[in-house]
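Notes follow once the structure below has been shown.
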Amino acid sequence: MLKVENLRFGYVPSVDIFKDVNFTIHGGEFIAIGGKNGCGKTTITRLLMGLEKPTEGRMYYNGADITTMPPSKRGQFIGYVFQQPDRQMFRSTVAEEVAFGPESLGRSKEDVERIVNDVLHKVGISHLREAYPPTLRRGEKQRVAIASALAMESSILILDEPTSGQDGKETKELLALLRQLHAEGLTILLITHDMEIMAAECTRAIIMGNRTVAFDGTPEALFTKTADELHDLGLTRPPSVELSLAVPGLGYCKSMDELRRKLLAQLEG
Ligand SMILES: Nc1ncnc2c1ncn2[C@@H]1O[C@H](COP(=O)(O)OP(=O)(O)OP(=O)(O)O)[C@@H](O)[C@H]1O
Ligand SMILES: [Mg+2]
């Protein structure tokens, strides 16, 4: 549904950040975007949002060429949670912030009110509707940004390292929300350095490296590569995978929960 073809980009035209980037994102995927610091993960999502223009290449959404479509229009199908979500909030209450999208689409006052109520409830921040966005915690700001995307009925949600710097509880709660939204049909693109999240939550991983896409496939295909191959990609195996591969006959385990279940079954059997 969202296809990029031969994308090339440099902030300075003479220095490519990446080139020959090709991938297609299908509805219902939960994709991790990974790779070393500075390899271009944020940049590629900025291109998808239309915040930067590619030097070469084209982008398509459901077959239509969107290469030159402005970000405001792309907001109808792609929502974005910035690494610093306060940079994307401009209105004086959470409810007004979330209302901005549907208002700009010309929805009626009643529709906007219903939409705002629905999406705030869905992401669990109804109690914050009158709060001033800059005073919120980062996890709450992320939810405001997610609610704004849902209010636009975006089919794709991009999140830039939403769990970095979060405590364990906040991370768990955000992942539970993303899992729920994914189960309801939202396509998710998650930029992350967290190997455990990549393995446990995602259906596919796109790893940037050497100025292009260095890997594109399932987390299992990724994390069963050799340690040297993973090192070259700037990755390491998450503990559940490392342990599961060390126990004969256990098979690949994408999470500690799965490892525990399989180990218990092996002990009992
Ligand atoms: N506005 C900018 N102007 C010039 N160069 C930039 C700009 N933003 C990023 N870069 C450079 O482009 C490259 C890719 O940056 P980008 O932020 O996309 O990487 P990243 O993979 O998201 O990194 P990180 O893991 O640190 O978030 C880096 O070398 C970075 O220094
Ligand atoms: Mg980044």
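Side notes on the structure shown:
- Any helices (runs of 4 or more DSSP H) falling wholly within the stretch 38-125 and containing at least 2 residues that are in the same structural domain as Ala183 (by TED's automatic domain parsing), at pLDDT 95 or above and under 24 Å from His182 (Cα atoms): 41-49
- Any chance Ser148 is outside the structural domain of Gly40 (by TED's automatic domain parsing), touching a helix residue (DSSP H, G or I) at 6+ places or on another chain (Cβ under 7 Å) and in contact (Cβ under 8 Å) with a residue 60 or more places away in the chain: yes
- Restricting attention to the stretch 217-247 and to residues that are of a type in the set (D, E, K, R) and under 25 Å from Thr171 (Cα atoms), the residue that is least open to solvent (accessible area, probe 1.4 Å) turns out to be Arg237.
- Check on Thr68, β-branched (Val, Ile, Thr), farther than 20 Å from Glu161 by Cβ and within 16 Å of ligand 1 (Cβ to nearest atom): no
- Residue that is nearest to ligand 2 (Cβ to nearest atom), among those in the stretch 76-94 that are open to solvent by less than 50 Å² (accessible area, probe 1.4 Å) and of a type in the set (Phe, Trp, Tyr): Tyr80
- Of all residues in the stretch 23-37 being within 13 Å of the chain's Cα centre (by Cα) and either away from ligand 2 (no atom under 16 Å from the Cβ) or assigned to a helix (DSSP H, G or I) (or both), the one that is farthest from Phe215 (Cα to Cα): Gly28
- Of all residues in the stretch 43-75, those that are open to solvent by 50 Å² or more (accessible area, probe 1.4 Å), polar (S, T, N, Q) and within 16 Å of ligand 2 (Cβ to nearest atom) total 0.
- Search result, residues across the stretch 111-136 that are over 13 Å from Ala147 (Cα atoms) and of a type in the set (A, V, I, L, M, F, W, C): Ala131, Leu136
- For the stretch 1-16, the set of residues classified as touching a Gly at 6+ places or on another chain (Cβ under 6 Å) and either open to solvent by less than 40 Å² (accessible area, probe 1.4 Å) or part of a strand (DSSP E or B) (or both) consists of Glu5, Asn6, Leu7, Arg8, Asp16, listed by residue number.
- Pair list, Cβ < 7 Å and 6+ apart or interchain, from the stretch 89-105 residues that are under 15 Å from Lys73 (Cβ atoms) to residues that are part of a helix (DSSP H, G or I) and open to solvent by less than 20 Å² (accessible area, probe 1.4 Å): Gly101/Ala151; Pro102/Val112; Pro102/Ile115; Pro102/Ala151
- Hey, Pro13 out of contact with any Cys (no Cβ under 9 Å at 6 or more places or on another chain), touching a residue at least 12 places away in the same chain (Cβ under 8 Å) and within 16 Å of ligand 1 (Cβ to nearest atom) or not: yes
The values are calculated or read from the model by the stated rules, or taken from the named source; none is laboratory data. Remember, predicted model here, so these are calculated numbers, not experimental data. Please note: Cβ atoms are built from the backbone with ideal geometry, for glycine as well, and neighbour counts cover all protein chains shown. SASA here: full protein model, heavy atoms, side chains in, ligands and nucleic acids out. Shrake-Rupley method; radii C 1.70, N 1.55, O 1.52, S 1.80 Å.
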